[in-house]
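To start, the structure under review is shown below, and the notes come after it.
Each value in this text was obtained by applying a stated rule to the coordinates, not by laboratory testing. Since this is a predicted model, take the numbers as computed values, not measurements. Here the Cβ positions follow ideal geometry from the backbone for every residue, glycine too, while neighbour counts run over all protein chains shown.
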Amino acid sequence: MKIGAIFATALAASLLTFGTVVLAAGEGQGVVVTVNDYPITSLDVDQRLKLNEILGGGKGSPDEQRKRALQALIDDVIKMSEAKKYKADPDDKTIDAQIEKMAKGSNTDSNGLAAKLKAKGSSITALRHLVAAQIAFNRLINALYKVKVVVDPAEIDKKYNEFSNDPRLQPVSVYEILEIDMPVENMGDAMSQQLLVARAADAAQFRRAFKGCDNARQAASGIFNVRIGKRLQADGRKLPKQLKSALDQAGAGGIIGPARSKTGVQLIAFCGKKSVAPEKPTRQQVETLLENKKYNVYEERYMRELRRKAFIEYKDAKATE
């Protein structure tokens, strides 16, 4: 299985040094299962679960996803155990090269990839383990079965066109907006209506001074209690129709309102709009995806036999449910 290209695509759409490849056993993390006397902890499962989500495998109920993550870790330990018998386990240099290839495909380096994975709740350790186990098992499959997977070009074209026409991968208009709030204290008081009128006058003063999002704070000079929020990125498809129309009419650098809000009076500045297109897989990546699918038939055949021979002991009864 070739996982570098697929990983790069998955990460773009939404990422320990192994001498002897080990999982990340976290402090205070209970052992869920041992495989051939090797422990797998709940931290290992958590990180593989997140990694699966990044790679597009986060489907099904939370329990189903966790069960798949645990089974994948069990399989990885079995793969590495078998690979070591035949001296087929990869060294650090080989793993590093694959990680760098993945990072480059995601327009970053290994450090950047590690940061992306950490931000998504996984780790570079979890990825290294996955890569090491897959490289090792590829070597075994090729040696034992002499596997040569060939994909029909017409099949590649069909799948590539499916990706190209996928609505989820079409360009999206992103609106950058800035909320300006002018609070009115004690909105339920008898004087609140008069205060709202006064704040509307403040809003009109702000509008006159407003020259664009970059000078919002300058425009608020001399006006009491103006709260300027952070710039927000909004998917144009999800904006209320009336708001979207008003923003388009105001144009980039414009401002709409004032309007009544829960806390007083609000203005919305339109900082600009851009088109964002999710990265689509290349034809080579689609070919790799289809090769992997065919390759999995051989992998599963071999894994069934290895699982039968492995000594697997569950320490947490819930893991078997």
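If only the Cβ of Lys and Arg carry +1 and only the Cβ of Asp and Glu carry -1, the dipole of the chain around its Cα centre is close to 580 debye. Panel order for Val150, Val172, by other beta carbons found within 10 Å of each beta carbon, from fewest to most: Val150, Val172. In this structure the amide hydrogen of Val184, modeled in the peptide plane, comes within under 5 Å of the amide hydrogens of Gly264, Val265, none closer than 5 places in sequence on its chain. Working from the Cα coordinates of segment 157-217, the gyration tensor eigenvalues give, after taking √(5λ), semi-axes of 47, 17, 7 Å in decreasing order. Distance from the Cα centroid of segment 91-128 to that of segment 31-68 is 19 Å (rounded to whole angstrom). For segment 171-276, a/c is not less than 1.5, where a ≥ b ≥ c are the root eigenvalues of the C-alpha gyration tensor, and a/b tops b/c. That puts it in the prolate class. Residue order for Ser275, Ser81, fewest other beta carbons within 10 angstrom first, comes to Ser275, Ser81. For segment 107-198, the square roots of the Cα gyration tensor eigenvalues, ordered a ≥ b ≥ c, give a/c of at least 1.5 with a/b greater than b/c, which places it in the prolate category. Sorting the segments 114-126, 197-209 by their residues' average number of neighbouring beta-carbon atoms within 10 angstrom, most packed first, yields 114-126, 197-209.
Remark: segment 71-86, residue by residue, has Karplus-estimated 3J(HN,Hα) of 4, 5, 5, 4, 4, 5, 5, 4, 4, 5, 4, 5, 5, 5, 4, 9 Hz, where x stands for each Gly or Pro and the curve is 6.51 cos²θ - 1.76 cosθ + 1.60 at θ = phi - 60°. Expressed as a fraction of 2.2 N^0.38 Å, the value expected for a compact globular protein of N residues, the C-alpha radius of gyration of segment 61-133 is 1.24. Taking amide H positions as modeled 1.01 Å from N, with prolines and chain starts lacking one, the residues under 5 Å from Val172 and 5 or more places away or on another chain are Val276, Ala277. Fewest neighbouring Cβ atoms within 10 Å first, the residues Val131, Val174 line up as Val174, Val131.
Remark: C-alpha extents of the chain on the principal axes read 82, 50, 34 Å, sorted largest to smallest. Going through the cross-link list Lys93/Lys146; Lys244/Lys274; Lys148/Lys280; Lys87/Lys293; Lys93/Lys148; Lys148/Lys294, which pairs have a Cα-Cα distance over 19 Å in this structure? From the list (Lys93/Lys146; Lys244/Lys274; Lys148/Lys280; Lys87/Lys293; Lys93/Lys148; Lys148/Lys294), the Cα-Cα distance tops 19 Å for Lys93/Lys146; Lys148/Lys280; Lys87/Lys293; Lys93/Lys148. Taking every alpha-carbon pair under 8 Å whose residues sit at least 6 apart, segment 171-276 reaches a relative contact order of 48 percent. Where only DSSP H runs of four or more residues are counted, the chain gives -16500 deg cm²/dmol as its mean residue ellipticity at 222 nm, each run worth -39500 (n - 2.57).
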